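Here is the structure we will look at, set down as structure tokens.
Read-outs: derived from the displayed coordinates by stated rules, not from any lab. On a predicted model such as this, the values are computed, not experimentally measured, just so you know. Virtual Cβ from ideal backbone geometry, glycine too; neighbours counted across all protein chains shown.
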Amino acid sequence: MTNTLFEKAKPILENLQSHSFQAYYVGGSVRDYIMNKSIHDIDITTSATPDEIESIFEKTIPIGREHGTINVVYQGEQYEVTTFRAEGEYIDHRRPNEVYFVRNLFEDVKRRDFTMNAIAMDMHYQIHDYFNGQQDIADKVIRTVGDPSERFNEDALRIIRGLRFQSQLGFQLDTDTFNAMEQHISDISHLSIERIVVELKKLMLGNAIKQSFNNLKQFQAFSYMPFFKHFDLSKIIIEQPMPLTVFIALLKVQQPNTTSNISDLKMSNQEKKYINKIIEIIEDIPKVQTKLQLKLFVYDYGKEDILEVLSYADTLKVNNIATNSPFIINSRTIVEVAQTLPIHSRKEVDINGKDILTVTDKPSGPWLKATLREIERAIIAGEVNNYQPELIKWVKTHV
Ligand code: ATP
Ligand code: MG
């Protein structure tokens, strides 16, 4: 059996081999291929050093040169090509400062985290599986390469990664691996929050989130992470996949009086904004009582994000977060209201601040913003049509 993504990348392996280097597909793509799952990106491991990779290929990007990773641009796609490497001393339970480039595949796969991620495959689909990764995949077991306690002691992120794979794949954790996770969990306090967040995002979206989240709770993993350590996670129940942003909003709403600061998670401004919006939506849901409030609610937040929140209604309920009568707010009422709104944003209002100043001949001030809001409300309530001559008349009688 072949796979189009591997076939597309094959000339890269051929090219390396024609220069007498070894080259293999490795990591997630090989794991997913063996599992018959769709493959998203291909990692290549090779005996060629970064200099040698750069001299062989026309177009390269040195994205992680110091640890051996060069991106090869080939037919419009980028492929991560990483030199076989072994790792030096681990300090502080984080990735080592030193890496050694080596010339054999075994050394390279030996430093990888789990047996299922340590399988290499050549361009003829020949598998090199030194740690029985295929058997573990068949048995649906997550097991570290080598002694779990040592491997987690070296890099505590592997604990979170293991739980992330459990959530994504629905595999069981091997008993020794599980016990070592529990034993080393406090070491995750040495990790950078950025690395943790990358894994948590994938973990929260996994189909087997329930098991994985319960393990995080059992290990008290969150108490060693910035931001999350301020919450009582024993009060949180997660049984359905959700984006990390929604999970964070849920924590904030359920436990509003913590000293936690979203900025400690070092997520993007766009993500922070989204989290705050989700918090507002969740908090406003129970306040909607009248038809007009429902219209304004849909107008203010937009259909998409409200429907997103509603898809977690069960989770809100089991976490004792106030919701609303399903007769007032449900996905059908939201869609219907959205269809009938006369305007969808301030941009669509047929009068602007400048027009209002001209009509009223008053100096600008905070009243202007309040007036614009009142106009939006009046349009949505159907008290005035969104048509400039009528809006001017409305301003003249109301301001
Ligand atoms: P995904 O399908 O989500 O990309 P992946 O297994 O490819 O999963 P990556 O984070 O892309 O995961 O890492 C690529 C490979 O690098 C892994 O399969 C594993 O072999 C190795 N690896 C990544 N992080 C670590 C780590 N902290 N310790 C040891 N090996 C690691
Ligand atoms: Mg990957």
- Highest-first arrangement of 3-9, 219-225, where packing means the average Cβ count within 10 Å: 219-225, 3-9
- Message: Is there a quick way to get the dipole size of the range 235-341? I mean about its Cα centre, with the Cβ of Lys and Arg at +1 and of Asp and Glu at -1; what is the value in debye to the nearest 20?
- Response: 140
- In whole Hz, the Karplus estimates of ³J(HN,Hα) for the range 55-62 (6.51, -1.76, 1.60; θ = phi - 60°; x where Gly or Pro) are 6, 7, 9, 5, 10, 9, 10, x
- If you take the square roots of the eigenvalues of the alpha-carbon gyration tensor of the range 346-398 and sort them as a ≥ b ≥ c, do you get rounded (a/c under 1.5), prolate (a/b over b/c) or oblate? prolate
- May I ask for the equivalent-ellipsoid semi-axes of the range 140-225, computed as the square root of five times each C-alpha gyration tensor eigenvalue and listed largest first in whole Å? 17, 16, 11
- Task: For the range 235-341, restrict the atom set to alpha-carbon positions and state the Rg and Dmax in Å.
- Result: 13.9, 41
- Query: Taking neighbour counts of Cβ atoms within 10 Å as a proxy for exposure, in what order, fewest first, do HIS93, HIS190 appear?
  - Reply: HIS190, HIS93
- With 29 Å as the limit, write out which pairs from LYS273/LYS362; LYS291/LYS317; LYS202/LYS287 have Cα-Cα distances beyond it, or answer none. LYS273/LYS362; LYS202/LYS287
- Item | Degrees between helix 157-169 axis and first principal axis of the chain (Cα, 0 to 90, nearest 10) | 70
- Query: Once all Cα-Cα distances of the range 1-67 are split into 5 Å bins that start at 0, what whole-number percent is in each one?
  - Reply: 3, 15, 26, 24, 17, 10, 4, 0
- Query: Relative to the longest principal Cα axis of the chain, at what angle does helix 269-284 sit, 0 to 90 degrees, rounded to 10?
  - Reply: 50
- Protection-proxy order for peptides 177-186, 52-61, each taking the mean of Cβ atoms within 10 Å per residue, highest first: 177-186, 52-61
- Apply the Karplus parameterisation 6.51 cos²θ - 1.76 cosθ + 1.60, with θ equal to phi minus 60°, to every residue of the range 314-327 and state each ³J(HN,Hα) to the nearest whole Hz, in sequence, with x for glycine and proline. 4, 5, 4, 5, 5, 9, 6, 9, 4, 10, 9, 4, x, 7
- Message: I'd like the orientation of helix 209-218 relative to the chain: the angle between its Cα long axis and the longest Cα principal axis, in ° from 0 to 90, rounded to 10.
- Response: 80
- Message: Need one word for the range 13-172: rounded, prolate or oblate. Basis is the Cα gyration tensor (sqrt eigenvalues a ≥ b ≥ c); a/c below 1.5 gives rounded, then a/b vs b/c decides.
- Response: oblate
- Amide H of TYR100: which non-local residues (sequence gap of 5 or more, or other chain) have their own amide H closer than 5 Å, using H built in the peptide plane? ALA86, GLU87, GLY88
- Which residues' amide hydrogens lie under 5 Å from the amide hydrogen of ASN71, considering only partners 5 or more residues apart or on another chain, with H built in the peptide plane? ILE61, ILE63, GLY64, VAL81
- Using a Förster distance of 25 Å, the FRET efficiency for THR290-GLN270 (Cβ separation, nearest 0.05): 0.15
- Message: Considering just Cα atoms, how many Å³ per residue does the convex hull of the chain enclose?
- Response: 198
- Item | Distance between modelled label sites at ARG94 and SER263, nm, 7 Å Cα→Cβ extension | 2.1
- Item | Highest-first arrangement of 206-216, 14-24, where packing means the average Cβ count within 10 Å | 206-216, 14-24
- 1/(1 + (r/R0)^6) with r = Cβ-Cβ of GLU58 and TYR125, R0 = 22 Å, i.e. FRET efficiency to nearest 0.05, evaluates to 0.25
- Query: Dividing the convex hull volume of the alpha carbon atoms of the range 218-282 by its residue count, what do you get in Å³ per residue?
  - Reply: 91
- Message: Can you give me the long-range amide H partners of HIS128? Hydrogens built in the peptide plane at 1.01 Å from N, cutoff under 5 Å, separation of 5 or more residues or another chain.
- Response: ALA120, MET121, ASP122
- Note on the structure: In nm, the gap between the two label points placed 7 Å beyond Cα toward Cβ at GLN218 and LYS235 is 2.4
- Those residues of the range 170-213 whose amide nitrogen sits under 18 Å from the label point placed on ASP314, 7 Å along Cα→Cβ: 170, 204-213
- Item | Debye, to nearest 20: dipole size of the chain, +1 on Lys, Arg Cβ, -1 on Asp, Glu Cβ | 1620
- Report, in deg cm²/dmol and to the nearest 500, the calculated mean residue ellipticity at 222 nm for the chain, where each DSSP H run with n ≥ 4 adds -39500 (n - 2.57) and the sum is divided by the residue count. -14000 deg cm²/dmol
